[in-house]
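S.K.: Below is a structure I'd like to ask you about.
The values are calculated or read from the model by the stated rules, or taken from the named source; none is laboratory data. Every value quoted in this text rests on a predicted model; they were computed, and no experiment measured them. Note: ideal-geometry Cβ built from the backbone for every residue, glycine included; neighbour counts use all protein chains shown.
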Amino acid sequence: MPEMMAGALPVLEKLNSQGFEAVFVGGCVRDTIMGLHIHDVDIATAALPEQVMEIFPDSIPTGLQHGTITVRFQNELYEVTTFRTESEYEQHRRPAGVRFIASLEGDLLRRDLTINAMALMADGKLYDPFKGLLDIERRLIRCVGDADARFQEDALRMLRAVRFAAKFSYSFAYRTWRALRSHHHLLRHIAMERVMAELDQMIEGPRPAAAMKLLGASGLLQHTAKPLPALTDIQKNMRWDKLAELKPSLRWAALLAYSGATVGQTETTMESLRFPGRLKASVMAVIRLQLQMKHALAARSYSEENQLRREWTICVLEYGAEAAADWLEILILEESYPDFAMTFKQWLEEMPATVLKQLKIDGHALAQGVKRQPGSWMGSAMKRLLLAVAMQQLPNEPHRLLEQAKLWIAEDMTNDDE
Ligand code: ATP
Ligand code: MG
């Protein structure tokens, strides 16, 4: 038994001693059997929520209407949920109301997959009425009971099934897969936030490519986002197997950057998936930068190194050093891993400044130095200085920056006179 569960054992024992059945359930039981690390402990009990609160006065009613009490015990928090059934499902979503019951088997019956419907008793015995252990041995994803009915009750279970199949590299039991193929369209009844939460775990999990393939093959993918990135296009454009090598925070950017969709379509996809604003902004920066750089690479010959360096520097200043570094990392997904990625990386690292505030002069000092009224000319002068510094054509020293600005102003005046 993992340390975390051993720590919670007295909670089970205390409930047991008061005459209430209490067991470990869900992910912690599954992961323990698989020999995986567990990240939290869920307890189920026959005690009603009020009874749990009476036995553990230092507890918080975190989800009272669902029967969940968070119990504090020796400074750890455990979720204790009363055995329950979920009877009335509406619109293919989890029900709002639940009914508390006395039977453990009844509680396990409402759970989604056999591997998630096992209970571990305080004495270490496994209660496994739906043969979850056998499915772990056979590496199978199987619904508890009738798969068609279970997916029709709550369509989110289909995404969960795919998530666990990909994560553990399990196959689907025949009927469970058949039910997925017939009911994928019910996913449209599920709130996009919940869909996104599942997708996020798949993309950031250990086998993102496997998850995407299963989403495509099951038919679920077409109900996840509008417009969805076409899987075939993504697969055509990138080294699918390399996705898992990227750090999780870059995987969405990579998928969308290689989806073959336009900038506008990608933006709509992210909106329909309710991407958080910051993620959306960082993905858009990478995509715009990629577009501009691909253009530059296609238009110029490699021998025009200085042109290419200028284009790269302009991109870094426009979209930020972070987006630039991110894009370089996702380049490993390209079929022909380009050697210019190394060059770009080196140029990026060599840039003495990539944002205005790194310049050793500010707009105010500039205006004073060149004896001009502050105005809109300052912005463009500062940007021009930054580009020259980033290109290493001009040292980032106050007097040199000022000198250069004066020169440009004088040139502009002569040009105006002509
Ligand atoms: P993990 O937390 O590692 O992703 P988990 O199995 O603990 O996996 P949770 O979402 O924490 O997943 O849910 C806890 C348990 O509740 C599950 O193991 C399963 O028994 C049950 N469960 C969760 N969501 C559903 C659902 N939509 N339908 C039926 N049972 C569910
Ligand atoms: Mg869990």
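S.K.: Output the number of residues of region 66-113 satisfying the condition of being at pLDDT 90 or above, more than 16 Å from ligand 2 (Cβ to nearest atom) and either closer than 16 Å to Glu153 by Cβ or of a type in the set (Lys, Arg) (or both).
M.R.: 6
S.K.: Among the residues of region 98-108, is there at least one that is near ligand 1 (Cβ under 10 Å from one of its atoms), crowded, with 19+ Cβ neighbours inside 10 Å, closer than 22 Å to Leu187 by Cα and among the aliphatic types (A, V, I, L, M)?
M.R.: No, because not a single residue in region 98-108 is near ligand 1 (Cβ under 10 Å from one of its atoms), crowded, with 19+ Cβ neighbours inside 10 Å, closer than 22 Å to Leu187 by Cα and among the aliphatic types (A, V, I, L, M).
S.K.: Let me ask another. Between residues in region 389-411 that are at positive phi and residues that are assigned to a helix (DSSP H, G or I), which pairs lie under 9 Å by C-beta distance while being six or more apart or on different chains?
M.R.: Pairs that qualify, where the first residue is at positive phi and the partner is assigned to a helix (DSSP H, G or I), are Gln392/Glu350.
S.K.: Is it the case, given these coordinates, that Arg175 is in a helix (DSSP H, G or I) and within 16 Å of ligand 2 (Cβ to nearest atom)?
M.R.: For Arg175, the condition - in a helix (DSSP H, G or I) and within 16 Å of ligand 2 (Cβ to nearest atom) - is not met.
S.K.: When the residues of region 161-209 are narrowed to those that are under 15 Å from the mean Cα position of the chain (by Cα) and under 16 Å from Arg94 (Cα atoms), which ends up surrounded by the fewest Cβ atoms within 10 Å (Cβ to Cβ)?
M.R.: Going through the qualifying residues, I end up with Glu193.
S.K.: Please work out which residue is farthest from ligand 1 (Cβ to nearest atom), limiting yourself to region 14-23 and to residues that are within 19 Å of Ile101 (Cα to Cα) and among the small types (Gly, Ala, Ser).
M.R.: Gly19
Yes/no per residue for (1) under 21 Å from the mean Cα position of the chain (by Cα); (2) assigned by TED's automatic domain parsing to the domain that holds Ala261; (3) at pLDDT 95 or above; (4) closer than 30 Å to Leu199 by Cα:
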residue	(1), (2), (3), (4)
Arg274	yes, yes, no, yes
Leu279	yes, yes, no, yes
Ala299	no, yes, no, no
Arg310	no, yes, no, no
Pro374	no, no, no, no
Trp377	no, no, no, no
Ser380	no, no, no, no
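S.K.: Do you know which residues across region 41-65 are surrounded by fewer than 20 Cβ atoms within 10 Å (Cβ to Cβ), modelled with pLDDT of 90 or more and within 16 Å of ligand 2 (Cβ to nearest atom)?
M.R.: Scanning region 41-65 gives Asp42, Thr62.
S.K.: Limited to region 329-372, what total is found for residues that are under 19 Å from Val286 (Cβ atoms) and buried (at least 17 other Cβ atoms within 10 Å of the Cβ)?
M.R.: Number of matching residues: 9.
S.K.: If you don't mind, another one. Pick from Ala147, Ala122, Ala155, Ala161: which is within 17 Å of Cys28 (Cβ to Cβ) and in contact with a helix residue (DSSP H, G or I) (Cβ under 8 Å, 6 or more places away or on another chain)?
M.R.: On inspection, the qualifying residue turns out to be Ala122.
S.K.: Please tell me if Asp31 is without any contact (Cβ under 8 Å) to a residue 12 or more places away in the chain, surrounded by 14 or more Cβ atoms within 10 Å (Cβ to Cβ) and within 16 Å of ligand 1 (Cβ to nearest atom).
M.R.: Details: without any contact (Cβ under 8 Å) to a residue 12 or more places away in the chain: yes; surrounded by 14 or more Cβ atoms within 10 Å (Cβ to Cβ): yes; within 16 Å of ligand 1 (Cβ to nearest atom): yes.
Taking the combined requirement at face value, the residue satisfies it.
S.K.: Another question, then. What is the residue count in region 115-144 for residues that are over 17 Å from Val162 (Cα atoms), assigned to a loop (DSSP other than H, G, I, E, B), more than 16 Å from ligand 2 (Cβ to nearest atom) and not acidic (Asp, Glu)?
M.R.: Residues flagged as over 17 Å from Val162 (Cα atoms), assigned to a loop (DSSP other than H, G, I, E, B), more than 16 Å from ligand 2 (Cβ to nearest atom) and not acidic (Asp, Glu) within region 115-144 amount to 7.
S.K.: What is the number of the single condition among (1) within 13 Å of ligand 1 (Cβ to nearest atom); (2) loosely packed, with under 14 Cβ neighbours inside 10 Å; (3) modelled with pLDDT of 95 or more; (4) of a type in the set (Gly, Ala, Ser) that Gly26 does not meet?
M.R.: Single failed check for Gly26: (2).
S.K.: Could I ask something else about it? Which of the helices (runs of 4 or more DSSP H) contained wholly in region 299-418 include at least 3 residues that are acidic (Asp, Glu) and over 22 Å from Lys247 (Cβ atoms)?
M.R.: Numbers: elements: 305-319, 321-330, 340-350, 363-370, 377-390, 398-417.
It comes to 305-319, 398-417.
S.K.: Turning to a different aspect of this structure: Say whether the condition of being small (Gly, Ala, Ser) and in contact (Cβ under 8 Å) with a residue 60 or more places away in the chain is met by at least one residue in region 162-170.
M.R.: No: region 162-170 contains no residue that is small (Gly, Ala, Ser) and in contact (Cβ under 8 Å) with a residue 60 or more places away in the chain.
S.K.: A further question follows. Any residue at all in region 5-15 that's in contact with a helix residue (DSSP H, G or I) (Cβ under 7 Å, 6 or more places away or on another chain) and within 16 Å of ligand 2 (Cβ to nearest atom)? Break it down stepwise before answering.
M.R.: Of the residues in region 5-15, the ones in contact with a helix residue (DSSP H, G or I) (Cβ under 7 Å, 6 or more places away or on another chain) are 5, 14-15.
Narrowing the set further to residues that are within 16 Å of ligand 2 (Cβ to nearest atom) leaves 5.
Yes, the conditions are met somewhere in region 5-15.
S.K.: Here is a check on your reading of the model: is Thr82 in the same structural domain as Asp112 (by TED's automatic domain parsing), buried (at least 19 other Cβ atoms within 10 Å of the Cβ), among the polar types (S, T, N, Q) and touching a residue at least 60 places away in the same chain (Cβ under 8 Å)?
M.R.: no
S.K.: What are the residues in region 39-76 that are within 16 Å of ligand 1 (Cβ to nearest atom) and assigned to a loop (DSSP other than H, G, I, E, B), if any?
M.R.: Within region 39-76, His39, Asp40, Val41, Gly67 qualify.
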